[in-house]
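J.: Can you keep this structure in mind? I'll have questions shortly.
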Amino acid sequence: MILILLGPPGAGKGTQAQRLQDKHGLVQLSTGDMLRAAVAAGSETGLKAKAVMDRGELVSDEIMTGIISERLNDPDCKNGVILDGFPRTEAQAEALDKMLAEKGLVLNAVIEMKTDDDILVERITGRYTCAKCGAGYHDKFLKPAVEGVCDKCGGTEFNRRSDDNAETVTSRLKAYHEQTAPLLPYYRGRGVLKQVDGMAGIDEVTDQMEAVLQAI
Ligand code: ADP
Ligand code: AMP
């Protein structure tokens, strides 16, 4: 199964992708996480990407399609993947179509997480992840059961992203509306676009995602 989660930064793509991964054995492919790993490793791609990411702009289509095309060949992707943060431009969507056709894979659904822009700053500025296992949390909306201890792995160190600040959110939202939102009609026209209410509570969104999966 190949799923795309589409929505602005903070819509809840990563949160729901982690849940789908845990429940259905699909692999979450977050291009943002891949770029952050490249930045941390100090690779050539990481060096190129860092300044662009800090400005809240988009990394080049060429780099992104290269990363995804390579990753899709890994054996763990055989059971299916959830694309989280890719594609983000029409050129990336077209490149994805081409690479799926070449690999004999079919896009099953694109799930739009519909949200209002005015809630996204609070979502993004409150976001943090476990440094050990990457589980995602929020200061207000998703706290660990025991404060300061990761529910999943017991880790006690957490990270916040350098681009998760109110200033960068404005450029990231602009990039979403100008470059990514045009993918909605592109996928609607192909009959693969589904929607969930990204404004609902996290568990309610999970229920809606499950209903979409059951229907496909
Ligand atoms: P994205 O991957 O789309 O950028 P995330 O999944 O990282 O977004 O969610 C952003 C933040 O908002 C996280 O801290 C997450 O815990 C929280 N969050 C996700 N979905 C919801 C929701 N439906 N309601 C409230 N908070 C949410
Ligand atoms: P995310 O973790 O999805 O919020 O992505 C963080 C940042 O990584 C974005 O603001 C972009 O700078 C970059 N990025 C992630 N995915 C892509 C993509 N598919 N195309 C271009 N840039 C991307």
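The values are calculated or read from the model by the stated rules, or taken from the named source; none is laboratory data. In this text, all values refer to a predicted model and were calculated from it rather than measured experimentally. FYI the Cβ positions are ideal-geometry reconstructions off the backbone, even for glycines, and counts take in every protein chain you see.
J.: Residues in the range 111-140 that are farther than 18 Å from residue 165 by Cβ and either more than 14 Å from ligand 2 (Cβ to nearest atom) or polar (S, T, N, Q) (or both): how many? Quick ask: steps written out before the conclusion?
T.: Within the range 111-140, the first condition is being farther than 18 Å from residue 165 by Cβ, and the residues that meet it are 111-116, 130-135.
With either more than 14 Å from ligand 2 (Cβ to nearest atom) or polar (S, T, N, Q) (or both) added as a condition, the list becomes 111-112, 114-116, 130-133, 135.
Residues flagged as farther than 18 Å from residue 165 by Cβ and either more than 14 Å from ligand 2 (Cβ to nearest atom) or polar (S, T, N, Q) (or both) within the range 111-140 amount to 10.
J.: Has the range 10-18 got any residue that is buried (at least 22 other Cβ atoms within 10 Å of the Cβ), in contact (Cβ under 8 Å) with a residue 24 or more places away in the chain, under 25 Å from residue 127 (Cα atoms) and more than 12 Å from ligand 1 (Cβ to nearest atom)?
T.: No, the conditions are met nowhere in the range 10-18.
J.: Looking only at the range 20-53, count every residue that is within 14 Å of the chain's Cα centre (by Cα) and over 18 Å from residue 76 (Cβ atoms) and tell me the total.
T.: Going through the range 20-53 one residue at a time, the tally reaches 3.
J.: Continuing with the same structure: Return a yes/no flag: does the range 184-201 have any residue that is touching a residue at least 24 places away in the same chain (Cβ under 8 Å), surrounded by fewer than 16 Cβ atoms within 10 Å (Cβ to Cβ) and assigned to a strand (DSSP E or B).
T.: Scanning the range 184-201, I find at least one residue that is touching a residue at least 24 places away in the same chain (Cβ under 8 Å), surrounded by fewer than 16 Cβ atoms within 10 Å (Cβ to Cβ) and assigned to a strand (DSSP E or B), so the answer is yes.
J.: From the set of residues in the range 35-63 that are acidic (Asp, Glu) and more than 10 Å from ligand 2 (Cβ to nearest atom), which is modelled with the lowest pLDDT? Don't jump to the end; show me each part of the working.
T.: Of the residues in the range 35-63, the ones acidic (Asp, Glu) are 44, 54, 57, 61-62.
Retained after the next criterion (residues that are more than 10 Å from ligand 2 (Cβ to nearest atom)): 44, 62.
Numbers: 44: 92, 62: 96.
Of everything passing the filter in the range 35-63, 44 is modelled with the lowest pLDDT.
J.: Residues to consider are 59, 52, 110, 106; find the one that is surrounded by 14 or more Cβ atoms within 10 Å (Cβ to Cβ) and away from ligand 1 (no atom under 16 Å from the Cβ).
T.: Going through 59, 52, 110, 106 in turn, just one is surrounded by 14 or more Cβ atoms within 10 Å (Cβ to Cβ) and away from ligand 1 (no atom under 16 Å from the Cβ): 52.
J.: Then there's this: Quick test of your reading of the structure: residue 118 fulfils all but one of (1) part of a helix (DSSP H, G or I); (2) out of contact with any Asp or Glu (no Cβ under 8 Å at 6 or more places or on another chain); (3) closer than 23 Å to residue 87 by Cα. Name the failing condition by number.
T.: (3)
J.: Could I ask something else about it? Applying the selection to the range 73-91, what residues are more than 16 Å from ligand 1 (Cβ to nearest atom) and either without any contact (Cβ under 8 Å) to a residue 12 or more places away in the chain or crowded, with 20+ Cβ neighbours inside 10 Å (or both)? Please lay out each step first, then the result.
T.: Step one: filter the range 73-91 for residues more than 16 Å from ligand 1 (Cβ to nearest atom), giving 73-80, 89-91.
74, 75, 78, 89, listed by residue number.
J.: Related question: Here are some residues: 29, 100. Which one is in contact (Cβ under 8 Å) with a residue 40 or more places away in the chain and assigned to a strand (DSSP E or B)?
T.: Working: 100 fails: assigned to a strand (DSSP E or B).
Sole residue among the options that is in contact (Cβ under 8 Å) with a residue 40 or more places away in the chain and assigned to a strand (DSSP E or B): 29.
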